[in-house]
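The structure's right below; bear with me while I get my questions together.
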Amino acid sequence: MKPGNIIPVAVCALTVLLALWSCGSRKTDVGGKVTVEFWTMQLSPILDDYINGSITEYEQANPDVSIKWVDIAWADMERKLLSSVAAGTAPDVANLNPQFSSKLAEFGALHDPEAFLSSEIVQSYFTNVWEANRLNGQTFGVPWYLSTNVAIYNRAIFEAANASFPQTLEDIPEIGRSIKQATGKYTYFPGFDGGEPMENYVLLGGKISSELPGYGLREDAVRELLTYYAALYESGAVPPSVLIEGHQKSVDLFQSGELAMLLSGMQMLPNIESNAPELINDIVVQAHPNADEGRTNIAAMNLVVPTQTDYPREAFEFITFMTSPEKQTEMAELVPILPSTPESLNDPFFEMTDPDDRFQLARAYSIEQLRGGGVLLPPLKNYSRLRTAFVRQTQRTMLGELSTEEGAGKIISDWTRISEVESD
(Lines give C-alpha, C1' and ligand atoms only; values in the text may rest on other atoms or scores of the structure.)
Protein backbone atom coordinates (compact mmCIF):
# COMPACT_ATOMS: atom_id res chain seq x y z
CA MET A 1 0.00 0.00 0.00
CA LYS A 2 1.32 3.44 -0.84
CA PRO A 3 1.99 5.73 2.17
CA GLY A 4 -0.41 8.32 0.83
CA ASN A 5 -3.25 5.80 1.03
CA ILE A 6 -2.88 5.05 4.73
CA ILE A 7 -4.81 8.02 6.11
CA PRO A 8 -7.76 7.79 3.69
CA VAL A 9 -8.10 4.07 4.39
CA ALA A 10 -7.98 4.70 8.13
CA VAL A 11 -10.60 7.40 7.76
CA CYS A 12 -12.88 5.08 5.82
CA ALA A 13 -12.39 2.28 8.34
CA LEU A 14 -13.32 4.53 11.25
CA THR A 15 -16.31 5.90 9.37
CA VAL A 16 -17.59 2.42 8.54
CA LEU A 17 -17.12 1.20 12.11
CA LEU A 18 -18.96 4.16 13.54
CA ALA A 19 -21.73 3.73 11.01
CA LEU A 20 -22.28 0.34 12.63
CA TRP A 21 -22.61 1.94 16.06
CA SER A 22 -26.33 1.36 16.26
CA CYS A 23 -26.22 -2.06 14.58
CA GLY A 24 -25.61 -5.54 15.93
CA SER A 25 -27.04 -7.55 18.77
CA ARG A 26 -26.84 -6.17 22.30
CA LYS A 27 -26.13 -7.87 25.61
CA THR A 28 -29.21 -9.40 27.22
CA ASP A 29 -30.30 -8.90 30.81
CA VAL A 30 -29.18 -11.55 33.30
CA GLY A 31 -31.54 -12.76 35.99
CA GLY A 32 -33.89 -9.85 35.44
CA LYS A 33 -31.08 -7.35 36.08
CA VAL A 34 -29.75 -4.67 33.79
CA THR A 35 -26.08 -5.36 33.04
CA VAL A 36 -23.90 -2.28 32.61
CA GLU A 37 -20.52 -3.09 31.07
CA PHE A 38 -17.81 -0.78 32.39
CA TRP A 39 -14.45 -0.48 30.61
CA THR A 40 -11.48 1.20 32.26
CA MET A 41 -8.04 1.95 30.92
CA GLN A 42 -5.19 0.13 32.70
CA LEU A 43 -6.42 0.55 36.28
CA SER A 44 -5.90 -3.11 37.14
CA PRO A 45 -4.33 -4.56 39.27
CA ILE A 46 -3.48 -1.54 41.40
CA LEU A 47 -7.13 -0.50 41.80
CA ASP A 48 -8.74 -3.95 41.79
CA ASP A 49 -9.94 -3.72 45.38
CA TYR A 50 -11.23 -0.17 44.92
CA ILE A 51 -13.11 -0.87 41.68
CA ASN A 52 -14.52 -4.20 42.83
CA GLY A 53 -15.49 -2.74 46.18
CA SER A 54 -17.19 0.22 44.50
CA ILE A 55 -19.11 -2.12 42.21
CA THR A 56 -20.27 -4.21 45.18
CA GLU A 57 -21.36 -1.07 47.00
CA TYR A 58 -23.27 0.17 43.96
CA GLU A 59 -24.96 -3.15 43.26
CA GLN A 60 -26.11 -3.44 46.87
CA ALA A 61 -27.72 0.00 46.62
CA ASN A 62 -29.12 -0.80 43.15
CA PRO A 63 -30.19 -4.47 43.19
CA ASP A 64 -31.69 -4.23 39.71
CA VAL A 65 -28.30 -3.39 38.16
CA SER A 66 -25.25 -5.61 37.63
CA ILE A 67 -21.89 -4.03 36.73
CA LYS A 68 -19.47 -5.99 34.55
CA TRP A 69 -15.97 -4.50 34.82
CA VAL A 70 -13.42 -4.96 32.02
CA ASP A 71 -9.96 -3.38 32.24
CA ILE A 72 -8.15 -2.73 28.95
CA ALA A 73 -4.46 -2.00 28.39
CA TRP A 74 -3.84 1.65 27.47
CA ALA A 75 -2.38 0.80 24.07
CA ASP A 76 -5.32 -1.47 23.17
CA MET A 77 -8.30 0.67 24.17
CA GLU A 78 -9.02 2.43 20.87
CA ARG A 79 -8.66 -0.74 18.79
CA LYS A 80 -10.79 -2.85 21.13
CA LEU A 81 -13.46 -0.21 21.44
CA LEU A 82 -13.80 0.15 17.67
CA SER A 83 -13.88 -3.64 17.30
CA SER A 84 -16.66 -3.85 19.87
CA VAL A 85 -18.57 -1.19 17.94
CA ALA A 86 -18.36 -3.25 14.76
CA ALA A 87 -19.58 -6.31 16.66
CA GLY A 88 -22.44 -4.40 18.26
CA THR A 89 -21.06 -5.08 21.74
CA ALA A 90 -19.69 -1.69 22.79
CA PRO A 91 -19.51 -1.13 26.55
CA ASP A 92 -22.15 0.93 28.30
CA VAL A 93 -19.52 3.06 30.06
CA ALA A 94 -15.95 3.62 28.86
CA ASN A 95 -12.93 5.38 30.37
CA LEU A 96 -11.35 7.36 27.50
CA ASN A 97 -9.02 10.28 26.97
CA PRO A 98 -10.58 13.50 25.64
CA GLN A 99 -9.13 13.36 22.13
CA PHE A 100 -10.47 9.88 21.33
CA SER A 101 -13.73 10.79 23.07
CA SER A 102 -14.10 13.84 20.86
CA LYS A 103 -13.38 11.78 17.74
CA LEU A 104 -16.31 9.52 18.62
CA ALA A 105 -18.42 12.56 19.45
CA GLU A 106 -17.81 13.93 15.95
CA PHE A 107 -19.79 10.99 14.62
CA GLY A 108 -22.59 11.36 17.17
CA ALA A 109 -21.45 8.14 18.84
CA LEU A 110 -21.59 9.38 22.45
CA HIS A 111 -24.52 10.48 24.58
CA ASP A 112 -24.59 14.04 25.89
CA PRO A 113 -24.37 13.80 29.70
CA GLU A 114 -26.35 17.01 30.09
CA ALA A 115 -29.38 15.22 28.62
CA PHE A 116 -29.33 12.81 31.57
CA LEU A 117 -27.75 14.65 34.51
CA SER A 118 -29.32 17.41 36.57
CA SER A 119 -27.80 20.89 36.48
CA GLU A 120 -26.84 20.41 40.12
CA ILE A 121 -24.74 17.37 39.26
CA VAL A 122 -23.18 19.09 36.24
CA GLN A 123 -22.20 22.04 38.42
CA SER A 124 -20.53 19.73 40.93
CA TYR A 125 -17.53 19.29 38.59
CA PHE A 126 -14.79 21.82 37.92
CA THR A 127 -16.30 24.15 35.34
CA ASN A 128 -12.98 24.63 33.51
CA VAL A 129 -12.73 20.86 33.01
CA TRP A 130 -16.39 20.17 32.23
CA GLU A 131 -16.43 22.80 29.48
CA ALA A 132 -13.40 21.19 27.84
CA ASN A 133 -15.55 18.14 27.11
CA ARG A 134 -17.62 19.99 24.54
CA LEU A 135 -17.49 19.77 20.77
CA ASN A 136 -19.72 21.94 18.60
CA GLY A 137 -21.56 23.06 21.70
CA GLN A 138 -22.43 19.55 22.88
CA THR A 139 -20.95 17.76 25.88
CA PHE A 140 -19.67 14.22 25.29
CA GLY A 141 -18.07 13.05 28.54
CA VAL A 142 -17.97 13.32 32.31
CA PRO A 143 -14.53 14.16 33.79
CA TRP A 144 -13.24 11.53 36.18
CA TYR A 145 -9.64 11.82 37.36
CA LEU A 146 -7.25 14.66 36.56
CA SER A 147 -3.58 15.64 36.65
CA THR A 148 -1.51 18.73 36.03
CA ASN A 149 2.23 19.10 35.58
CA VAL A 150 4.52 20.50 38.25
CA ALA A 151 8.22 21.26 37.93
CA ILE A 152 10.61 18.67 39.35
CA TYR A 153 14.19 19.97 39.49
CA ASN A 154 17.57 18.35 40.07
CA ARG A 155 19.04 21.04 42.31
CA ALA A 156 22.60 19.74 41.98
CA ILE A 157 22.68 20.41 38.25
CA PHE A 158 21.39 23.96 38.66
CA GLU A 159 23.88 24.67 41.44
CA ALA A 160 26.76 23.30 39.37
CA ALA A 161 25.90 25.85 36.67
CA ASN A 162 25.10 28.62 39.16
CA ALA A 163 21.69 28.81 37.48
CA SER A 164 18.27 29.70 38.87
CA PHE A 165 15.11 27.70 38.38
CA PRO A 166 13.08 29.06 35.45
CA GLN A 167 10.06 31.19 36.32
CA THR A 168 8.54 30.87 32.86
CA LEU A 169 9.05 28.60 29.87
CA GLU A 170 10.70 31.52 28.10
CA ASP A 171 13.55 31.44 30.64
CA ILE A 172 14.60 27.91 29.72
CA PRO A 173 16.76 28.49 26.60
CA GLU A 174 19.27 30.77 28.33
CA ILE A 175 19.28 28.78 31.56
CA GLY A 176 19.72 25.67 29.46
CA ARG A 177 22.68 27.22 27.63
CA SER A 178 24.40 27.89 30.97
CA ILE A 179 23.73 24.37 32.21
CA LYS A 180 24.97 22.78 29.00
CA GLN A 181 28.17 24.82 29.01
CA ALA A 182 28.88 24.21 32.70
CA THR A 183 27.88 20.56 33.05
CA GLY A 184 27.36 19.08 29.58
CA LYS A 185 23.84 18.12 30.66
CA TYR A 186 20.48 19.03 29.25
CA THR A 187 17.72 21.02 30.90
CA TYR A 188 14.37 20.25 29.28
CA PHE A 189 12.75 17.57 27.12
CA PRO A 190 9.50 18.77 25.47
CA GLY A 191 8.48 15.52 23.77
CA PHE A 192 6.71 15.43 20.42
CA ASP A 193 4.74 12.23 21.06
CA GLY A 194 1.65 13.99 22.40
CA GLY A 195 0.05 17.41 22.32
CA GLU A 196 2.83 19.24 24.17
CA PRO A 197 3.95 21.46 21.26
CA MET A 198 0.38 22.74 20.83
CA GLU A 199 -0.08 23.07 24.58
CA ASN A 200 3.11 25.14 24.72
CA TYR A 201 1.71 27.33 21.95
CA VAL A 202 -1.18 28.17 24.28
CA LEU A 203 1.12 28.52 27.30
CA LEU A 204 3.10 31.10 25.35
CA GLY A 205 -0.01 33.16 24.66
CA GLY A 206 -1.73 31.57 21.66
CA LYS A 207 -5.25 30.19 21.43
CA ILE A 208 -6.71 27.09 19.81
CA SER A 209 -10.43 26.61 19.23
CA SER A 210 -12.42 24.30 16.96
CA GLU A 211 -15.06 27.03 16.74
CA LEU A 212 -12.79 29.53 14.96
CA PRO A 213 -11.58 29.64 11.32
CA GLY A 214 -8.28 27.81 11.00
CA TYR A 215 -8.77 26.70 14.62
CA GLY A 216 -7.91 30.19 15.78
CA LEU A 217 -4.16 30.04 15.09
CA ARG A 218 -2.42 33.43 14.88
CA GLU A 219 0.69 33.62 12.73
CA ASP A 220 2.52 35.95 15.11
CA ALA A 221 1.88 33.59 18.03
CA VAL A 222 3.02 30.58 15.97
CA ARG A 223 6.21 32.46 15.07
CA GLU A 224 6.82 33.13 18.76
CA LEU A 225 6.44 29.43 19.54
CA LEU A 226 8.81 28.41 16.72
CA THR A 227 11.34 31.02 17.82
CA TYR A 228 11.17 29.49 21.30
CA TYR A 229 11.65 25.91 20.05
CA ALA A 230 14.50 26.95 17.77
CA ALA A 231 16.17 28.68 20.73
CA LEU A 232 15.77 25.56 22.87
CA TYR A 233 17.53 23.50 20.22
CA GLU A 234 20.26 26.02 19.36
CA SER A 235 21.15 26.69 23.00
CA GLY A 236 21.64 23.03 23.87
CA ALA A 237 18.85 23.18 26.43
CA VAL A 238 17.27 20.11 24.81
CA PRO A 239 18.98 16.98 23.45
CA PRO A 240 18.81 16.14 19.73
CA SER A 241 16.80 13.02 20.60
CA VAL A 242 13.87 15.27 21.52
CA LEU A 243 12.98 15.19 17.81
CA ILE A 244 12.39 11.45 17.75
CA GLU A 245 11.64 10.31 21.31
CA GLY A 246 8.78 11.03 23.66
CA HIS A 247 7.97 11.77 27.28
CA GLN A 248 9.35 8.49 28.61
CA LYS A 249 12.80 9.53 27.40
CA SER A 250 12.59 12.68 29.54
CA VAL A 251 11.84 10.50 32.57
CA ASP A 252 14.77 8.20 31.76
CA LEU A 253 17.17 11.12 31.34
CA PHE A 254 16.03 12.77 34.56
CA GLN A 255 16.33 9.57 36.57
CA SER A 256 19.83 8.99 35.20
CA GLY A 257 20.90 12.48 36.33
CA GLU A 258 21.30 13.81 32.78
CA LEU A 259 18.31 16.18 32.73
CA ALA A 260 17.92 19.18 35.02
CA MET A 261 14.14 19.49 35.06
CA LEU A 262 11.07 17.38 34.45
CA LEU A 263 7.61 18.78 33.86
CA SER A 264 5.30 15.98 34.90
CA GLY A 265 2.43 15.05 37.17
CA MET A 266 2.89 14.51 40.89
CA GLN A 267 2.48 10.77 40.26
CA MET A 268 6.04 10.75 38.90
CA LEU A 269 7.64 11.45 42.29
CA PRO A 270 7.13 7.98 43.81
CA ASN A 271 8.61 6.47 40.64
CA ILE A 272 11.69 8.69 40.86
CA GLU A 273 12.15 7.87 44.53
CA SER A 274 11.94 4.17 43.71
CA ASN A 275 14.03 4.15 40.51
CA ALA A 276 16.64 6.79 41.39
CA PRO A 277 16.96 6.98 45.19
CA GLU A 278 20.36 8.64 44.83
CA LEU A 279 18.62 11.76 43.49
CA ILE A 280 16.18 12.19 46.37
CA ASN A 281 18.15 14.75 48.37
CA ASP A 282 18.57 16.92 45.27
CA ILE A 283 14.92 16.90 44.17
CA VAL A 284 13.10 20.22 44.43
CA VAL A 285 9.40 20.52 43.57
CA GLN A 286 7.83 23.79 42.46
CA ALA A 287 4.79 24.95 40.55
CA HIS A 288 4.82 24.78 36.76
CA PRO A 289 6.97 27.64 35.39
CA ASN A 290 3.91 29.44 34.00
CA ALA A 291 1.63 28.87 36.99
CA ASP A 292 1.99 32.41 38.34
CA GLU A 293 0.44 33.67 35.11
CA GLY A 294 -2.51 31.29 35.38
CA ARG A 295 -1.28 29.33 32.37
CA THR A 296 -1.17 25.65 33.29
CA ASN A 297 -2.66 22.64 31.57
CA ILE A 298 -5.06 20.15 33.12
CA ALA A 299 -5.09 16.61 31.74
CA ALA A 300 -8.42 14.84 32.16
CA MET A 301 -9.66 11.29 31.80
CA ASN A 302 -13.35 10.90 31.03
CA LEU A 303 -16.20 8.47 31.44
CA VAL A 304 -18.40 8.32 28.35
CA VAL A 305 -21.61 6.53 27.37
CA PRO A 306 -21.81 5.23 23.79
CA THR A 307 -25.11 5.78 22.01
CA GLN A 308 -25.11 2.06 21.24
CA THR A 309 -26.05 1.27 24.85
CA ASP A 310 -29.55 0.12 25.70
CA TYR A 311 -29.19 1.56 29.19
CA PRO A 312 -28.05 5.20 29.08
CA ARG A 313 -29.92 6.17 32.24
CA GLU A 314 -28.37 3.35 34.26
CA ALA A 315 -24.95 4.09 32.73
CA PHE A 316 -25.02 7.74 33.78
CA GLU A 317 -26.30 6.85 37.25
CA PHE A 318 -23.28 4.59 37.68
CA ILE A 319 -20.95 7.34 36.36
CA THR A 320 -22.46 9.78 38.85
CA PHE A 321 -21.67 7.31 41.62
CA MET A 322 -18.08 6.65 40.49
CA THR A 323 -17.33 10.37 40.07
CA SER A 324 -18.99 11.51 43.28
CA PRO A 325 -16.82 13.59 45.64
CA GLU A 326 -16.66 10.73 48.14
CA LYS A 327 -15.61 8.06 45.63
CA GLN A 328 -13.04 10.34 44.03
CA THR A 329 -11.49 11.12 47.42
CA GLU A 330 -11.34 7.41 48.12
CA MET A 331 -9.57 6.85 44.80
CA ALA A 332 -7.11 9.70 45.42
CA GLU A 333 -6.13 8.09 48.72
CA LEU A 334 -4.97 5.04 46.77
CA VAL A 335 -3.30 6.52 43.68
CA PRO A 336 -1.79 9.97 42.96
CA ILE A 337 -4.62 11.58 40.99
CA LEU A 338 -6.69 14.73 41.37
CA PRO A 339 -10.49 14.70 41.60
CA SER A 340 -12.76 16.42 39.09
CA THR A 341 -15.12 17.59 41.86
CA PRO A 342 -14.12 20.65 43.92
CA GLU A 343 -15.98 19.31 46.96
CA SER A 344 -13.49 16.45 47.22
CA LEU A 345 -10.72 18.90 48.01
CA ASN A 346 -12.45 19.86 51.26
CA ASP A 347 -11.54 16.47 52.67
CA PRO A 348 -8.70 16.56 55.26
CA PHE A 349 -6.80 14.08 53.10
CA PHE A 350 -5.83 16.89 50.73
CA GLU A 351 -4.44 19.16 53.47
CA MET A 352 -0.67 19.61 53.54
CA THR A 353 0.48 18.44 56.95
CA ASP A 354 4.22 18.27 56.23
CA PRO A 355 5.73 21.07 54.07
CA ASP A 356 8.94 19.04 53.77
CA ASP A 357 7.11 16.15 52.12
CA ARG A 358 7.81 16.50 48.39
CA PHE A 359 4.70 14.63 47.37
CA GLN A 360 2.41 16.71 49.57
CA LEU A 361 4.04 19.84 48.19
CA ALA A 362 3.55 18.63 44.61
CA ARG A 363 -0.08 17.87 45.36
CA ALA A 364 -0.60 21.34 46.89
CA TYR A 365 0.85 22.99 43.78
CA SER A 366 -1.27 20.71 41.58
CA ILE A 367 -4.46 21.63 43.43
CA GLU A 368 -3.68 25.33 43.09
CA GLN A 369 -3.08 24.87 39.37
CA LEU A 370 -6.25 22.82 39.04
CA ARG A 371 -8.28 25.71 40.40
CA GLY A 372 -6.64 28.30 38.16
CA GLY A 373 -5.67 26.38 35.03
CA GLY A 374 -7.58 24.81 32.20
CA VAL A 375 -7.51 22.21 29.45
CA LEU A 376 -5.27 24.08 27.02
CA LEU A 377 -5.84 21.81 24.04
CA PRO A 378 -9.60 21.51 23.54
CA PRO A 379 -11.29 18.72 21.58
CA LEU A 380 -10.46 19.25 17.92
CA LYS A 381 -11.84 17.81 14.73
CA ASN A 382 -9.06 16.18 12.71
CA TYR A 383 -6.81 16.14 15.78
CA SER A 384 -4.31 13.57 14.52
CA ARG A 385 -3.74 15.45 11.24
CA LEU A 386 -3.43 18.77 13.04
CA ARG A 387 -0.91 17.38 15.51
CA THR A 388 1.16 15.75 12.76
CA ALA A 389 1.32 18.99 10.74
CA PHE A 390 2.17 21.09 13.78
CA VAL A 391 4.92 18.74 14.94
CA ARG A 392 6.47 18.31 11.50
CA GLN A 393 6.84 22.02 10.78
CA THR A 394 8.08 22.72 14.32
CA GLN A 395 10.77 20.07 13.96
CA ARG A 396 11.82 21.39 10.53
CA THR A 397 12.17 24.86 12.02
CA MET A 398 14.27 23.55 14.91
CA LEU A 399 16.59 21.85 12.41
CA GLY A 400 16.96 25.06 10.42
CA GLU A 401 15.21 23.70 7.34
CA LEU A 402 12.67 26.51 7.65
CA SER A 403 12.85 30.01 9.05
CA THR A 404 10.40 30.82 11.82
CA GLU A 405 8.38 32.85 9.29
CA GLU A 406 8.30 29.94 6.82
CA GLY A 407 7.45 27.43 9.53
CA ALA A 408 4.62 29.58 10.87
CA GLY A 409 3.24 30.10 7.39
CA LYS A 410 3.25 26.37 6.71
CA ILE A 411 1.52 25.53 9.99
CA ILE A 412 -1.16 28.14 9.32
CA SER A 413 -1.72 26.91 5.76
CA ASP A 414 -1.72 23.25 6.84
CA TRP A 415 -4.27 23.88 9.57
CA THR A 416 -6.46 25.97 7.28
CA ARG A 417 -6.43 23.21 4.68
CA ILE A 418 -7.21 20.52 7.27
CA SER A 419 -10.08 22.57 8.69
CA GLU A 420 -11.71 22.58 5.26
CA VAL A 421 -11.73 18.79 4.75
CA GLU A 422 -13.74 16.01 6.35
CA SER A 423 -12.89 14.76 9.81
CA ASP A 424 -10.31 12.03 10.27
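The values are calculated or read from the model by the stated rules, or taken from the named source; none is laboratory data. Everything quoted here is computed from the prediction, not taken from an experiment. Counting neighbours? That spans all protein chains shown, and the Cβs are built from the backbone with ideal geometry, glycine included. Just the protein is used for accessible areas: all its heavy atoms, side chains included, with ligands, DNA and RNA removed. Shrake-Rupley method; radii C 1.70, N 1.55, O 1.52, S 1.80 Å.
At 222 nm, what helix-only mean residue ellipticity would the chain give, in deg cm²/dmol to the nearest 500, using -39500 (n - 2.57) for each DSSP H run of four or more?
That calculation yields -13000 deg cm²/dmol at 222 nm.
Gain in length, ILE244 to ASP282, computed as 0.36 nm per residue apart minus the alpha-carbon separation, to one decimal in nm? Let's see the in-between values first.
Numbers: separation 38, 0.36 × 38 = 13.68 nm, distance 2.87 nm.
Stretched fully, the ILE244-ASP282 segment lengthens by 10.8 nm.
Right, another one. Looking only at LEU96, LEU386, LEU279, which one moves most when the chain is put into a Gaussian network model with springs between Cα atoms under 10 Å?
Highest fluctuation among the options: LEU279.
Across the stretch 403-413, in residue order, what do the Karplus-derived ³J(HN,Hα) couplings come to in whole Hz, using 6.51 cos²θ - 1.76 cosθ + 1.60 with θ = phi - 60° and x for Gly and Pro?
Those phi angles translate into 6, 4, 5, 5, x, 5, x, 5, 5, 4, 5 Hz.
Just to be sure I follow: if Rg is taken over the C-alpha atoms of the stretch 287-371 and Rh is the Kirkwood radius over the same atoms, what is Rg/Rh?
Answer for the stretch 287-371: 1.06.
Next question. Which entries in the list LYS103/LYS327; LYS249/LYS381; LYS33/LYS381 go over 32 Å, if you measure between the two C-alpha atoms of each?
From LYS103/LYS327; LYS249/LYS381; LYS33/LYS381, over 32 Å: LYS33/LYS381.
What would the Debye formula give as log10 I(q)/I(0) at q = 0.29 Å⁻¹ for the alpha-carbon point model of the stretch 54-98, no solvent?
Normalising to I(0) and taking log10 leaves -1.05.
While we're looking at this one, here's another question. Pairs of alpha-carbon atoms within less than 8 angstrom and 6+ residues apart define the contacts here; what relative contact order does the stretch 253-401 have, in percent?
Averaging sequence separation for qualifying contacts and normalising by length gives 29 percent for the stretch 253-401.
Gaussian network model of the chain, Cα springs within a sub-10 Å range: biggest mean-square fluctuation belongs to which of PRO166, PRO270, PRO143?
Checking each option, the largest mean-square fluctuation is seen for PRO270.
For labels at GLN99 and GLN138 in the simple 7 Å Cα→Cβ model, what's the distance in nm?
2.3 nm
Also, quick follow-up: Just to check I understand the Karplus step: with θ = phi - 60° and J = 6.51 cos²θ - 1.76 cosθ + 1.60, what whole-Hz values come out for the stretch 84-89, glycine and proline as x?
These are the phi-based 3J(HN,Hα) values: 5, 4, 4, 8, x, 10 Hz.
State, as an integer percentage, the relative contact order of the stretch 332-424 based on alpha-carbon contacts under 8 Å between residues 6 or more apart.
23 percent
Which value in Å does the Kirkwood hydrodynamic radius of the stretch 323-424 take, with 1/r averaged over all unlike C-alpha pairs and then inverted? All intermediate terms of the calculation are to be shown ahead of the outcome.
On the way: mean 1/r = 0.0580 Å⁻¹.
About 17.2 Å for the stretch 323-424.
Okay, moving on. How high is the relative contact order of the stretch 182-240, in percent, with contacts defined as C-alpha pairs under 8 Å that are six or more residues apart? Display every interim value, and only then the final one.
Details: 40 pairs, mean separation 22.4, N = 59.
Dividing the mean separation by the residue count of the stretch 182-240 yields 38 percent.
What dipole magnitude, in Debye to the nearest 20, does the stretch 300-342 give about its Cα centre under +1 on Lys/Arg Cβ and -1 on Asp/Glu Cβ?
Values: 2 positive and 6 negative charges, 26 e Å.
Roughly 120 debye, rounded to the nearest 20.
Quote the FRET efficiency, to the nearest 0.05, computed for LYS33 versus GLU368 with a Förster distance R0 of 41 Å and r equal to the Cβ-Cβ distance.
0.40
Of all the accessible heavy-atom surface of the chain, with the other protein chains kept in place and a 1.4 Å probe, what percent is carbon and sulfur?
Roughly 50 percent of what the probe reaches on the chain is carbon or sulfur.
Can you give me the distance in nm between label points at GLU211 and THR56, each placed 7 Å from the Cα along the Cα-to-Cβ direction?
Once both label points are built, they end up 4.6 nm from each other.
Semi-axes of the stretch 248-400's equivalent ellipsoid from the Cα gyration tensor, sqrt of 5 times each eigenvalue, largest first, rounded to whole Å? Intermediate values should be presented prior to the final figure.
Details: eigenvalues 177, 139, 44 Å².
The answer is 30, 26, 15 Å, longest axis first.
Whole number in Å², please: accessible area per residue of the chain, 1.4 Å probe, ligands, DNA and RNA not counted.
Counting only protein heavy atoms, the per-residue value for the chain is 43 Å².
When the chain is modelled as a GNM with alpha-carbon springs shorter than 10 Å, which of SER274, SER366, SER235 fluctuates the most?
Of SER274, SER366, SER235, the Gaussian network model singles out SER274 as fluctuating most.
With the crude spin-label approximation of a point 7 Å out along Cα→Cβ, what separation in nm comes out for SER274 versus GLU174?
4.0 nm
Something else now. Calculate, in nm to one decimal, what SER164 and LYS80 gain on full extension: separation in residues at 0.36 nm each, minus their alpha carbon distance.
Roughly 25.5 nm would be gained on extension.
May I ask you to compute the full-extension gain from ASP310 to ARG218, defined as 0.36 nm times their residue separation minus their alpha-carbon distance, rounded to one decimal in nm?
Extending this stretch completely gives an extra 28.7 nm.
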